[in-house]
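Undergrad: Below you will find the structure I want to go over with you.
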Amino acid sequence: MRRLVILILGDMLLASCGGDSTATTLASSTSQDTATPPESSTSSDAETTTTAGEVAEGEFAITEIDFAAGELTITNVGDNAASLEGYRLCQRPTYSPVTDDTLEPGESVTLDASVVGGFDPTSGELGLYKSALFDNPDDIVSYVEWGRAGHGRSATAVDAGIWPADAFVETSADTQTLTTDVGNATSPDEWVVG
């Protein structure tokens, strides 16, 4: 099966509650070779069956923030192919849709940091949500905070149980990257500062 993904990222800035919205530009296309018939697969626990063309609910995580390149990476850390359709990023006060690409297990998508207003290596946060309900702990799925604690959405991440209270990754103006290889990192010690 061939897959072609083209992401054209423009200014994907959305203002926070009560602010002005700016236009969002996102184009994504996926091309698959449809000459082969749909295949079915069953997960090892025999509870989930998916057919080619169908997409299971995903398990996505923020896995890298590259301050030097001005990029962020989201990875499918689950066991099934899943779509990012409907997912949103938040670096309060900036909110942005991600993409509607379908990622295979272990596959990642890298986005330009301008989608969330860019990054400051000395202080910031980034949250990944499965909807636009940014204050709902049930909808935040991945979070990282650096430089200091207490950013705009840290309480939501704490309430969701995916980030400890008053915790942050220690960074400086010289920090180039934050990376994790533990899947969905839920504490500062699971992030590597580069």
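The values are calculated or read from the model by the stated rules, or taken from the named source; none is laboratory data. Not measured: the values here are computed from a predicted model. Just so you know, the surface numbers come from the protein's heavy atoms only, side chains and all, with ligands and any DNA or RNA stripped out. Shrake-Rupley method; radii C 1.70, N 1.55, O 1.52, S 1.80 Å.
Undergrad: For the range 137-194, report the accessible area per residue in Å² (1.4 Å probe, heavy atoms, rounded to an integer).
TA: Roughly 46 Å² per residue, with all protein chains present.
Undergrad: So what is the relative contact order for the range 131-194, in percent, with contacts set as C-alpha pairs under 8 Å and at least six apart?
TA: Numbers: 101 pairs, mean separation 20.0, N = 64.
Reported as a whole number, the value is 31 percent.
Undergrad: Something else: With a 1.4 Å probe and all protein chains left in place, how much of the accessible area of the range 48-194 comes from carbon and sulfur atoms, in whole percent?
TA: For the range 48-194, the apolar C and S fraction of the accessible surface comes to 42 percent.
Undergrad: Expressed as a rounded percentage, what relative contact order does the range 62-194 have, with Cα pairs under 8 Å and six or more residues apart?
TA: 24 percent
Undergrad: Post the alpha-carbon centroid distance, the range 148-194 to the range 111-145, in whole angstrom.
TA: With the range 148-194 and the range 111-145 each reduced to a Cα centre, they are spaced 11 Å.
Undergrad: Related question: May I ask you to give the average projected area over all directions of the convex hull of the Cα atoms of the range 87-161, in nm² rounded to one decimal? Please report the intermediate quantities before stating the final value.
TA: Details: hull surface 20.7 nm².
Directional mean of the projected Cα hull area for the range 87-161 stands at 5.2 nm².
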